Amino acid sequence: MQRCFIALGSNLEQPLLQVERAVQALKALPQSELKAVSRWYQSVAVGPEQPDYINGVAELYTSNSPLELLALLQGIENAQQRKRVQRWGPRTLDLDLLLYADRDIDEPALIVPHPRMFERNFVLYPLYDIAPTLVFANGVSLKQQLADIGMQGLSLVTP
């Protein structure tokens, strides 16, 4: 089984409920085991003006190939009425495959590590919640990466 990290985000139709439903769907994925889920964070949206997001990260072990996992994640998004209308636009659910083991993947449908994850605090802080000792394939630790990024526009969601 391969260790993977998946970013979860939503800013439409009860975002907290959307990401919590996504966690339940991740638990049910075939040939996979959900190991951990970060705390939830509220973040200012990137892109066009829109509501704030609820974001988190999940740690998943899977026997699915990267492209099989991507298809499963997109199936979860579609089940939660994800519409791909505008780049970086509002959405009911966004699931991004951040890391798939230590693999570098550059396919037309999938780039891993996720190309913008290192500049997004709403990805790195939740990732740190569940994998504080993580070292990326390039030798840089998650802790080092966090030292270069602040919490601007990011806050913890309180239960």
(message) Given points 7 Å out from each Cα along the Cα-Cβ axis, report the residue 67 to residue 110 separation in nanometres with one decimal.
(response) 0.9
(message) Using alpha carbons only, how many angstrom separate the centre of the stretch 1-41 from the centre of the stretch 56-81?
(response) 9
(message) Restricting to DSSP H runs of at least four residues, report the calculated mean residue ellipticity at 222 nm for the chain, -39500 (n - 2.57) per run over all residues, nearest 500 deg cm²/dmol.
(response) -8000 deg cm²/dmol
(message) For a quick check, take a GNM of the chain with Cα springs below 10 Å and name the residue from 115, 15, 126 with the largest mean-square fluctuation.
(response) 115
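Taking only the Cα atoms of the stretch 1-123, how large is their convex hull per residue, in Å³? Please list the in-between numbers first.
Numbers: hull volume 12.2 nm³, N = 123.
For the stretch 1-123, the hull spanned by Cα atoms encloses 99 Å³ per residue.
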(request) Compute the whole-percent fraction of alpha carbon pairs in the stretch 1-68 spaced more than 16 Å apart. (result) 49
(request) Be a star and scan the stretch 1-45 for residues whose amide nitrogen sits under 15 Å from the point 7 Å along the Cα-to-Cβ vector of residue 155. (result) 40-45
(message) Treating only the Cβ of Lys, Arg, Asp and Glu as charged (+1, +1, -1, -1), what charge dipole size does the chain show about its Cα centre? Round to the nearest 20 debye.
(response) 200
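Considering only protein heavy atoms and a probe of 1.4 Å, how much of the accessible area of the stretch 58-159 is carbon and sulfur, as a whole percent? Write out the running numbers ahead of the final one.
Working: 2810 of 5480 Å².
Its accessible area is 51 percent carbon and sulfur atoms.
The values are calculated or read from the model by the stated rules, or taken from the named source; none is laboratory data. Note that the structure is a prediction, hence the values are computed from the model and not measured. As a convention, Cβ positions derive from the backbone with ideal geometry for all residues, glycine included, and neighbour counts pool all protein chains shown. These accessible areas exclude ligands, DNA and RNA; they are computed on the full protein's heavy atoms, side chains included. Shrake-Rupley method; radii C 1.70, N 1.55, O 1.52, S 1.80 Å.
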